[in-house]
Amino acid sequence: MRARPLSPHMSIYRMSRYCLISSFANRVTGVGLSVGLVVFIYWLTALARGARAYAHAQQLLGSTPAKLIYVAVIAAFAYHLAAGIRHLVWDTGRGLEKAQSERSAWLVIGAAAALTVVCAWWALRAREGL
């Protein structure tokens, strides 16, 4: 029985620098989203444990470092979303050429940056009543 290579096989497929960086960033943002999930679970647990636990969580999660974490999680979500859409397009067989892949990598970065700015502004200003 002859062993078949996995697709795309690394001896055939040559990833461009942009594709490699984009792929790595997609994985890193996935880890960032997992960290954000832990913070969200902490908040939900504090909410379920009562007023005292919630007040403590609110004090902790309302701090400036926590707000920086929120922005990082928003950025991770925005990038992961845009990269996921890119992968859906790739699944149709479009955008796989080197120039198209590079262009779509920059598009993902731009879309993620714009979405991050809009969502972070909204999230951090929402309490102030805009």
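Quick look at the numbers
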read-out: Cβ-Cβ FRET estimate between Leu96 and Cys119, R0 fixed at 30 Å, reported to 0.05; value: 0.50
read-out: For the range 24-130: accessible area per residue (Å², 1.4 Å); value: 71 Å²
read-out: Contour minus Cα-Cα distance for Lys67 and Trp43 (0.36 nm per residue); value: 7.3 nm
read-out: Listed residues Arg49, Arg86, Arg27, most fluctuating in the chain (Gaussian network, C-alpha, under 10 Å); value: Arg49
read-out: Cα-centred dipole magnitude for the range 11-130, charges only on beta-carbon of K, R (+1) and D, E (-1), debye, nearest 20; value: 120 debye
read-out: Neighbour net charge for Ser104 - beta-carbon separation under 12 angstrom, K R +1, D E -1; value: +2
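The values are calculated or read from the model by the stated rules, or taken from the named source; none is laboratory data. A quick note: this is a predicted structure, and the numbers were derived from the prediction, not measured. For neighbour counting, all protein chains shown are included, and Cβ atoms are generated from backbone atoms with ideal geometry for every residue, glycine included. Just the protein is used for accessible areas: all its heavy atoms, side chains included, with ligands, DNA and RNA removed. Shrake-Rupley method; radii C 1.70, N 1.55, O 1.52, S 1.80 Å.
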